Amino acid sequence: MTAATATATASHPCQGADCTKTATLVCPTCIKLDLPRDTARFCSQTCFKANWATHKLLHQQAQTYDPFTQVPGFRYTGSLRARYPLSATRFVPPHIKRPDYAETGRPYSEEKLRGSNRIETMNEAEIQKMREVCRIAREVLDAGAAAVRPGVTTDHIDKVVHEATVARDAYPSPLNYMGFPKSCCTSVNEVICHGIPDMRPLEDGDIVNIDVSVFKDGFHADLNETYFVGAKAWHESKALIDCTRECLKRAIEMVKPGVMYRELGNVIEKTAKERGFAVVRTYCGHGIHRLFHTTPNIPHYAKNKAIGVMKPGHIFTIEPMINVGTHADDHWPDNWTAVTRDGKRSAQFEHTMVVTETGCEILTLRRGHDIVMDGLIPPPGVEEGTVNGTKTE
């Protein structure tokens, strides 16, 4: 096996053990598997061959992981299929500050507080930190959304999200959180949430949710939106996506001091049922700041038992997941991907917000847009104000 001189690499160090020379070669197998270039560069063929025994383990890791092989005859609930192998874990530059779970996968700081109902109140300096990390997360999500089109893999979207995150000196919060293998979640069609980016190309008619979370200067941000893949998706799934966005809008309009968190689920479920859709009950919104997930827990369904009353300085997400059919969910063998039990489609939108003295400030809002407009960009070939090609009033 020989290394290839793919591109000039004069500014990169050789990855050979104890080698301090400048890299001039790139491993061709790493290029083929789309592995991080930072671990693929060597100074010479001699150095490359000397380190081959350990370097090839990166290739094996990328090529062999497939949890579905452990469940022969696994029955999918819908038409979507996982596409393995996954690409290798993406590289995060060493200067970027990491959350406590980045190496081990265990969020120790969250574990210490499990069982507590206390909701932390952020001061103005902390809120300013949240504004900054949420601004970055919004930029990163918009970068990922710009890559959505038929033929693009969700793995490529993950790559775009990862590179946009580290380019801003931030860490992608999902990466190795409880062992999650990628830098964002991409949930296609019947996937409710936590879809793992893989090698399946998006198809005209799909819908895809991109869930981006970012960690910078000790604070996390979290947001997601569902997008149309091609004109066919706009015509087939617009009602679902409109309803999901409206559920989030009406819930956010309720946020102000003195409101009980359990009330949000009432308005979300009422809005969904009015339009003939169902609300997922397994997953909820959550507090977020120094911790990726913390109190309060915010169920999106009616008559829930959520604890707590909103106060200025509380920061949390609202992220309703709305299904075409049943609210019930199943899981793929990867232990992450949640799907609708009947295989019908699901959509989701999410914002991070802070309670103010008079209402709330949406920290992840797209600049120049209101809540309703977020995510409503039609795909190429579709004019706004049309349904199945026909103008609407």
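The values are calculated or read from the model by the stated rules, or taken from the named source; none is laboratory data. What you see is a predicted model; the values in this text were computed from it and never measured. Note that each Cβ is placed from the backbone with ideal geometry, even for glycine, and that neighbours are counted across all protein chains shown.
Here are some notes:
- Residues considered: I252, I241, I288. Of these, the only one that is under 20 Å from I192 (Cα atoms), among the aliphatic types (A, V, I, L, M) and in contact (Cβ under 8 Å) with a residue 12 or more places away in the chain is I241.
- Check on V208, modelled with pLDDT of 95 or more, out of contact with any Cys (no Cβ under 8 Å at 6 or more places or on another chain), under 22 Å from T352 (Cβ atoms) and of a type in the set (A, V, I, L, M): yes
- Against the criterion of being crowded, with 17+ Cβ neighbours inside 10 Å, at positive phi and touching a strand residue (DSSP E or B) at 6+ places or on another chain (Cβ under 9 Å), G287 does not qualify.
- All helices (runs of 4 or more DSSP H) inside region 38-133 with 3 or more residues being within 25 Å of G16 (Cα to Cα) and outside the structural domain of F219 (by TED's automatic domain parsing): 45-50, 52-64
- Among the residues of this structure, D206 does not count as one that is acidic (D, E) and touching a Lys or Arg at 6+ places or on another chain (Cβ under 7 Å).
- Any hit, region 233-246, residues being under 23 Å from the mean Cα position of the chain (by Cα), under 26 Å from S116 (Cα atoms) and polar (S, T, N, Q): no
- In region 81-103, residue farthest from H162 (Cα to Cα) [restricted to those that are in contact (Cβ under 8 Å) with a residue 60 or more places away in the chain and surrounded by fewer than 12 Cβ atoms within 10 Å (Cβ to Cβ)]: R81
- Flag if K311 is among the basic types (K, R), modelled with pLDDT of 95 or more and touching an Asp or Glu at 6+ places or on another chain (Cβ under 9 Å): no
- Within region 304-337, being assigned to a strand (DSSP E or B) and among the polar types (S, T, N, Q) holds for T317, N323.
- Qualifying residue in region 131-141 (condition: within 21 Å of V229 (Cα to Cα) and aliphatic (A, V, I, L, M)): yes
- Matching residues, region 211-241, being in a strand (DSSP E or B) and within 12 Å of S173 (Cα to Cα): D211, V212, S213, V214, F215, K216, F219, H220, A221, D222, L223
- Flag for A146 being loosely packed, with under 14 Cβ neighbours inside 10 Å, under 18 Å from L202 (Cβ atoms) and either free of Cβ contacts under 8 Å to residues at least 60 places away in the same chain or not assigned by TED's automatic domain parsing to the domain that holds L223 (or both): yes
- Only one entry of T282, T244 meets the criterion of being of a type in the set (S, T, Y) and not in a loop (DSSP other than H, G, I, E, B), and that entry is T244.
- Just one residue in the set T5, T9 is surrounded by 14 or more Cβ atoms within 10 Å (Cβ to Cβ) and either modelled with pLDDT of 85 or more or polar (S, T, N, Q) (or both); that residue is T9.
- Test: residue in region 161-175 that is of a type in the set (S, T, Y) and either free of Cβ contacts under 8 Å to residues at least 60 places away in the same chain or not assigned by TED's automatic domain parsing to the domain that holds W332 (or both): yes
- All conditions in (1) modelled with pLDDT of 85 or more; (2) surrounded by 16 or more Cβ atoms within 10 Å (Cβ to Cβ) hold for L58, with the sole exception of (1).
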